[in-house]
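To keep things clear, I will list the structure first and then write my remarks on it.
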Amino acid sequence: MALKKINTVLTAAFILFILWFGAEFILSPETTAPGFGLPSRPSGDGGGFLVVKGIRDVVLALVLGVLLVTGHRRALGWVLLVEALAAYGDMTTVLAHHGSVATAFGVHGLTATLMVVNGLLVLGETRKVASVPATPAPQPA
């Protein structure tokens with residue numbers, strides 16, 4: 001399978017995963033929150049922060065989706081690298097608040113690292129395309 005096809009499938013999988021996870025936080029934050037890895041769910045009006053997290057995830061997925069659909073592969077690679085920082089931030093947040101170490105590394109850290117790998121693969125794919133020398137057009141005789 002061509003590298004471009006593998007990268008496209010990986011990116012599409014990230015988009016669907018992030019969209020699903022974000023939608024879960026928006027639609028049912030009370031049941032999704034424990035899976036985030038923090039030791040307790042916000043109480044009172046604090047539950048609104050979970051919806052904010054869901055909206056963030058949906059927007060991150062949509063940005064990736066737009067770049068994928070429009071064919072902006074180089075930008076897609078860079079955005080995957082930058083958006084991985086959100087997942088590393090989630091991992092750090094869970095660890096800093098004495099949450100589940102397994103969830104911090106196994107969900108957030110793994111997701112972020114896979115996004116970095118996918119981003120680097122896409123950048124590598126686009127670098128190869130950009131470095132192919134153009135052949136001169138034949139000249140009329």
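The values are calculated or read from the model by the stated rules, or taken from the named source; none is laboratory data. Remember, it's a predicted structure, so these values are computed and weren't measured experimentally. Please note: Cβ atoms are built from the backbone with ideal geometry, for glycine as well, and neighbour counts cover all protein chains shown. With ligands, DNA and RNA removed, areas are computed over all heavy atoms of the protein, side chains included. Shrake-Rupley method; radii C 1.70, N 1.55, O 1.52, S 1.80 Å.
Yes or no: Thr8 closer than 21 Å to Thr126 by Cβ, part of a helix (DSSP H, G or I) and open to solvent by less than 50 Å² (accessible area, probe 1.4 Å)? Spell out the reasoning first.
Numbers: closer than 21 Å to Thr126 by Cβ: yes; part of a helix (DSSP H, G or I): yes; open to solvent by less than 50 Å² (accessible area, probe 1.4 Å): yes.
It is true that Thr8 is closer than 21 Å to Thr126 by Cβ, part of a helix (DSSP H, G or I) and open to solvent by less than 50 Å² (accessible area, probe 1.4 Å).
Looking at Leu60, Leu68, which one is in contact with a Leu (Cβ under 8 Å, 6 or more places away or on another chain), closer than 21 Å to Thr126 by Cβ and not polar (S, T, N, Q)? Step through it out loud before you land on a result.
Details: Leu60 fails: in contact with a Leu (Cβ under 8 Å, 6 or more places away or on another chain).
On inspection, the qualifying residue turns out to be Leu68.
Being open to solvent by 60 Å² or more (accessible area, probe 1.4 Å) and part of a helix (DSSP H, G or I) is the filter; apply it to region 25-39 and report the residue that is nearest to Leu123 (Cα to Cα).
Ile26
With part of a helix (DSSP H, G or I) and at pLDDT 75 or above as the only criterion, which of Ala104, Ala130 stands out?
Details: Ala130 fails: at pLDDT 75 or above.
So the residue among Ala104, Ala130 that is part of a helix (DSSP H, G or I) and at pLDDT 75 or above is Ala104.
Would you please list the contacts, defined by Cβ atoms under 6 Å and residues six or more apart or on different chains, that run from a residue in region 107-124 that is within 10 Å of Val79 (Cα to Cα) and touching a residue at least 60 places away in the same chain (Cβ under 8 Å) to a residue that is open to solvent by less than 40 Å² (accessible area, probe 1.4 Å) and part of a helix (DSSP H, G or I)?
Met115/Leu80; Met115/Ala84
Does Thr135 count as in a helix (DSSP H, G or I), among the polar types (S, T, N, Q) and either farther than 18 Å from Gly71 by Cβ or at pLDDT 95 or above (or both)? Reasoning before the result, please.
On the way: in a helix (DSSP H, G or I): no; among the polar types (S, T, N, Q): yes; either farther than 18 Å from Gly71 by Cβ or at pLDDT 95 or above (or both): yes.
No: the conditions fail for Thr135.
So, Val63, is that one out of contact with any Cys (no Cβ under 6 Å at 6 or more places or on another chain), under 19 Å from Val9 (Cβ atoms) and surrounded by 16 or more Cβ atoms within 10 Å (Cβ to Cβ) or not? Lay out the reasoning, then the answer.
Details: out of contact with any Cys (no Cβ under 6 Å at 6 or more places or on another chain): yes; under 19 Å from Val9 (Cβ atoms): yes; surrounded by 16 or more Cβ atoms within 10 Å (Cβ to Cβ): yes.
Yes: the conditions hold for Val63.
Scanning region 40-60 for residues that are open to solvent by less than 90 Å² (accessible area, probe 1.4 Å) and assigned to a loop (DSSP other than H, G, I, E, B), which turns out modelled with the lowest pLDDT?
It comes out as Pro42.
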